[in-house]
Every structure is written in structure tokens, then in C-alpha cells.
1. Restricting the search to the stretch 35-44, which residues are at pLDDT below 95 and crowded, with 20+ Cβ neighbours inside 10 Å?
2. Would you please name the residue that is farthest from the chain's Cα centre (by Cα), looking only at residues in the stretch 125-179 that are within 12 Å of TYR220 (Cα to Cα) and modelled with pLDDT of 90 or more?
3. Give me the residue from the stretch 76-95 that is touching a Lys or Arg at 6+ places or on another chain (Cβ under 7 Å) and either open to solvent by 30 Å² or more (accessible area, probe 1.4 Å) or of a type outside the set (A, V, I, L, M) (or both) and, out of that set, nearest to ASP9 (Cα to Cα).
4. Which condition number does ASP9 fail, the rest of (1) of a type outside the set (A, V, I, L, M, F, W, C); (2) surrounded by 17 or more Cβ atoms within 10 Å (Cβ to Cβ); (3) in contact (Cβ under 8 Å) with a residue 40 or more places away in the chain; (4) closer than 24 Å to ARG90 by Cα being met?
5. Looking only at the stretch 50-75, count every residue that is surrounded by 15 or more Cβ atoms within 10 Å (Cβ to Cβ), touching a residue at least 40 places away in the same chain (Cβ under 8 Å) and not in a helix (DSSP H, G or I) and tell me the total.
6. So LEU118 passes all but one of these: (1) surrounded by 15 or more Cβ atoms within 10 Å (Cβ to Cβ); (2) modelled with pLDDT of 90 or more; (3) not in a strand (DSSP E or B). Which condition number does it fail?
7. Mind telling me which of the residues ASN23, ASN47 ends up being open to solvent by 50 Å² or more (accessible area, probe 1.4 Å), out of contact with any strand residue (DSSP E or B) (no Cβ under 7 Å at 6 or more places or on another chain) and at pLDDT 90 or above?
8. Report those helices (runs of 4 or more DSSP H) wholly inside the stretch 136-223 carrying at least 1 residues which are more than 30 Å from THR73 (Cβ to Cβ).
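The values are calculated or read from the model by the stated rules, or taken from the named source; none is laboratory data. Remember, predicted model here, so these are calculated numbers, not experimental data. Cβ atoms come from the backbone with ideal geometry, glycine included; neighbour counts cover every protein chain shown. Please note that ligands, DNA and RNA were not included when accessible areas were found on the heavy atoms of the full protein model with its side chains. Shrake-Rupley method; radii C 1.70, N 1.55, O 1.52, S 1.80 Å.
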Amino acid sequence: MALIYVVEDDMNIREIETFSLKNSGYTIEDFECAKDFWNRIYDKVPNLIILDIMLPDEDGLSIVEKLRKRAETRNVPIMMVTAKTTEMDRVKGLDIGADDYLIKPFGVMELISRVRALLRRSMDLAEEKVLTIGEIRLDNDKRSVYVGDTKVELTYKEFELLKLLMHNAGIVMQREDIMVRIWGMDYEGESRTLDMHIKTLRKKLGDAGNRIKTVRNVGYRLE
């Protein structure tokens, strides 16, 4: 069963998270501060991390950035848990590399459902290491993208979005499905986030960006 790290300084919330996840069959290790978490993750990398933003010794956003720069933890799913509720807070956390965003207070069933979805999605997207569609080449292990011989610098979410489209080349991906699988959030009210990333991704890919087609009122397809 999957190993999950819970990083939360609020003892009551941490106990609820760990108890619920253990009852669902997961192996859990919990930490009340960033220092203890860092000491452990250097020894063993988990299958998923549940991370509070407001920790006493280090900001959760800073932790995400560091995790995404390490080869060992670059692809570990991260769910951020916080009381912050503005759209900008969510977008910032997701853009630097978080996979999902759970707002306090939350229900136990919602937590379990999102954990299952994240673990399932991470296994699905890890199947192929190198993807090639026409002149676009994506190396998942190296986190690199090339168009022909030119390297393209993408943000974390731009990379994940391109990888999803390449995994499903020729298939129309519904907007709702893309939002859930890449941002881990409900589609309603968040369409600007997806549209913005598609726009910047097309621009960075140059002429190859024309492969990303808009299917009106449905979603996107990579040809």
C-alpha cells in the first residue's frame, strides 16, 4: 500500500488526516514541522505528500519548490492543505508544482477521494518515460522538452499539461478532465487557469504549438 507523509502543525487536523488515511489502508508517517519532514524524506521518498502551507519553521510553498528541484521527489504527488481560499493562492501553489489543493475545513471522504485520485493519476502518467509527437520530444525523467533540437523551458504545470496531451495524442481531452488531472480541482470557475496555460504552452512550442487544437465547447486535442 502507498506510503503517505502528512506534514501538519495542527495536532487535531494531523490526527484526523492520519487516522482517516490509516483506516483506508495507507501507511502514514506524520510530521509537525518542516525540519522533521526533511530529515525523513532524505532517507525514504513517499508515494504522496499532504502538506500544510502555514508551518512554524518553513512556508509550504517553499517546500514544494525545493521538492520539485530534487530528482528524487520531482514527480511525487503533493496535496496542499490550507485555510487560504483566494484563487491567486490556489494558482500560486499549483503553478509551483503542487498537484492538488484542499481547503480547511474539509470532509474526511473528500480527503480520501482526492488522495486516491492523485495516486491513480501519478501511476497513469508515469508509464512512459519519453514521448515523441512529430517534432516535440518530452523526457519525463529529465523533465525536458525539445522541439527539434531546441530546448523549451516550461513551468511545472505547463510540462504536466503537455505530458497529458501527448499521452492522449489524437484524443479530445475534456476541459473538466484536464483540470482535475493536472490541477486537482473542480472545473467550474477555473477555466481561465487552463486557457492561460494552453496559450503560453502554444507560444513556447512555436510552430509546434499549432498541434494543440481547441475543440469548441469540449476541450483540447494534440494532433
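1. Residue satisfying the conditions is ILE41 alone.
2. Result: LEU165.
3. In this case the residue turns out to be THR82.
4. (2)
5. Total meeting the criteria: 7.
6. Failed condition: (2).
7. From the options ASN23, ASN47, the qualifying one is ASN23.
8. Helices (runs of 4 or more DSSP H) meeting the threshold: 191-205.
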